[in-house]
Amino acid sequence: MEPVPSGPEPLHIAVGAGAPVMVTALLNGVVLTLMVDTGADRTLVSPAALSRAGVDPTVGSDYGIYYDRP
């Protein structure tokens, strides 16, 4: 596994017109597929995905989610 970046890095993703933007990300070392809302100021992760990553979905917390470069 590659080292986790220490800060935000630009990521360029080619997308088709009208197609959702999907990325592969790591949360606590667990691979997730996220749909990116380019107009949102935060990312939501489903309770099921949080549970798979060992995160208690009943506790509101901030977590770093890092992308997996192709």
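How large is ³J(HN,Hα) for each residue in the stretch 21-29, as worked out from phi by the Karplus curve 6.51 cos²θ - 1.76 cosθ + 1.60 (θ = phi - 60°), to whole Hz, x for Gly and Pro?
Once rounded to whole Hz, the list reads 8, 10, 10, 8, 9, 10, 10, 6, x.
Give, as ranges by residue number, the residues of the stretch 17-34 whose backbone N falls under 12 Å from the point 7 Å along Cα→Cβ of S46.
Under 12 Å, as judged by backbone N against the label point of S46, lie 33-34 of the stretch 17-34.
Give me a comma-separated list of calculated 3J(HN,Hα) values for the stretch 38-43, in order, Karplus coefficients 6.51, -1.76, 1.60 applied at θ = phi - 60°, integers in Hz, x for any Gly or Pro.
5, x, 8, 9, 7, 10
Values in this text are rule-based calculations from the coordinates and carry no lab data. Quick caveat: nothing in here was measured; it's all calculated off a predicted structure. Quick reminder, even Gly has a Cβ in these numbers, built from the backbone with ideal geometry, and neighbours come from all protein chains shown.
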